[in-house]
Amino acid sequence: MTPGFRSLPALFSAVLAAVFAGGCKPPAASGGGGGGMVFQVIAVEVRKQAVAEVVPLVGTLAANESIEVKSEAEGVVARIAFDEGARVAAGALLVALDQTKLTASLHEAEAAMELSRANLERAKQLLRDKLISQQDFDQTSGSFNVNQSGVELRRRLLKDAEIFAPFAGTTGARQVSPGQVISKASILTTLVDLDTMKAELNIPERFLGQVAIGQKIDFRVDAFPKDRFTGEVYFISPQLDSGTRTALVKARVANTEGRLKGGMFAKLDLAVRLRESALVVPEPAILSSGDTNMVFVVGPQTNAVLRPVTLGLRLAGKAEVVSGLEPGEWVVVEGVKKIFPGAPLRLSPPEAAAAYNR
């Protein structure tokens with residue numbers, strides 16, 4: 001039995017079977033039904049509307065960019081130039097290490113390079129005058145190249161003593177303090193770009209054909225249950241996960257207000273099958289018995305006509321009817337338990353059915 005649908009009582013099912021088998025008229029309703037009793041019911045018009053089969057999915061939100069900020073050099077923290085949770089621009093200074101030793105080492109290397117440069121210039125003149133051998137000149141030239149490389153290395157080490165933001169974003173918690181000795185593995189803070197978020201989903205293989213680049217997706221998060229957020233698919237994995245038979249799909253989501261955070265669960269309903277013009281009736285109109293579904297249609301003489309129907313998609317409070325009804329017919333949605341085939345009906349005013357027409 002389909003959940004949410006009203007079931008035919010066993011006795012009523014037996015009576016219907018006798019009616020269909022013998023072609024006789026249904027029995028009169030008890031309590032004077034043969035004396036012209038009319039049954040008050042609520043009926044709605046069968047209408048066409050777009051219906052979609054949706055698959056509930058849960059994804060994860062991730063920042064557009066997210067890194068752990070570390071230093072390429074070892075040393076003592078001299079200055080922390082950021083505030084926790086603050087916005088920083090690309091290229092902004094985050095942390096500076098003590099540069100005293102590095103500066104002294106650079107000056108020493110520069111002095112050695114200048115001396116070797118002077119020796120190289122003298123060696124060039126001596127070689128032209130054939131006062132030294134080619135081997136002696138090559139040794140002097142090599143010494144200069146070594147000293148020049150040493151200067152470039154120390155300049156780079158001095159540059160590495162300052163850690164800058166590689167992109168604009170928001171800093172995380174501070175993990176170090178001034179005066180602390182850090183290594184290359186030390187995490188100084190985190191930096192995330194929250195202006196744009198990524199919704200990452202794993203789509204089952206059988207629904208993958210319903211997803212395309214540029215497709216819009218709507219989702220909700222627990223932190224803001226009344227709001228819906230929209231993203232646009234920009235990545236579909238070219239390969240499925242062999243264990244789960246799912247493909248990773250990513251969508252970009254604008255987050256200018258900064259309400260979405262990395263790690264949030266994104267709950268969405270993926271539309272995988274859409275029919276623009278389908279017949280839909282309210283769920284209370286459906287009478288189910290096993291695999292058989294029926295509705296009471298309001299006949300030409302304002303009487304109840306029992307009609308078998310074939311159902312399609314189940315929607316929220318409604319059901320798609322694939323066959324058995326035509327647009328414009330009226331089906332009983334309230335009072336179905338007290339009527340029978342051929343029962344005379346009195347329809348309630350249209351406003352009584354307003355709740356079923358939403």
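The values are calculated or read from the model by the stated rules, or taken from the named source; none is laboratory data. This is a predicted model, so every value here is computed, not measured. Every residue, glycine as well, gets a Cβ built from its backbone with ideal geometry; the counts of neighbours run over all protein chains shown.
A few comments on the model shown:
- Residue within the stretch 203-220 that is aliphatic (A, V, I, L, M) and either under 15 Å from Ala81 (Cα atoms) or touching a Lys or Arg at 6+ places or on another chain (Cβ under 8 Å) (or both) present: no
- Condition met for Val281 (more than 15 Å from Ile42 (Cβ to Cβ) and of a type in the set (Val, Ile, Thr)): no
- If you filter the stretch 227-249 down to residues that are of a type outside the set (Val, Ile, Thr) and under 15 Å from Val58 (Cβ atoms), you find that the one that is nearest to the chain's Cα centre (by Cα) is Gly231.
- Selection status of Leu270, under 17 Å from Leu57 (Cα atoms) and either part of a strand (DSSP E or B) or not assigned by TED's automatic domain parsing to the domain that holds Ala319 (or both): yes
- Residue list for the stretch 211-234, restricted to those being among the hydrophobic types (A, V, I, L, M, F, W, C), at pLDDT below 90 and buried (at least 16 other Cβ atoms within 10 Å of the Cβ): Val211, Ile217
- One residue from Leu201, Leu191, Leu208 being more than 18 Å from the chain's Cα centre (by Cα), within 25 Å of Ala266 (Cα to Cα) and either at pLDDT below 95 or not in a loop (DSSP other than H, G, I, E, B) (or both): Leu191
- Scanning the stretch 267-303 for residues that are β-branched (Val, Ile, Thr) and crowded, with 18+ Cβ neighbours inside 10 Å yields Val280, Val281, Ile286, Val295, Val297, Val298.
- Matching residues, the stretch 73-114, being closer than 25 Å to Asp136 by Cβ and either touching a residue at least 12 places away in the same chain (Cβ under 8 Å) or among the acidic types (Asp, Glu) (or both): Ala109, Glu110, Ala112, Met113, Glu114
- Yes/no for Ala168 being surrounded by fewer than 15 Cβ atoms within 10 Å (Cβ to Cβ), out of contact with any Phe, Trp or Tyr (no Cβ under 7 Å at 6 or more places or on another chain) and either among the acidic types (Asp, Glu) or not assigned by TED's automatic domain parsing to the domain that holds Val58 (or both): no
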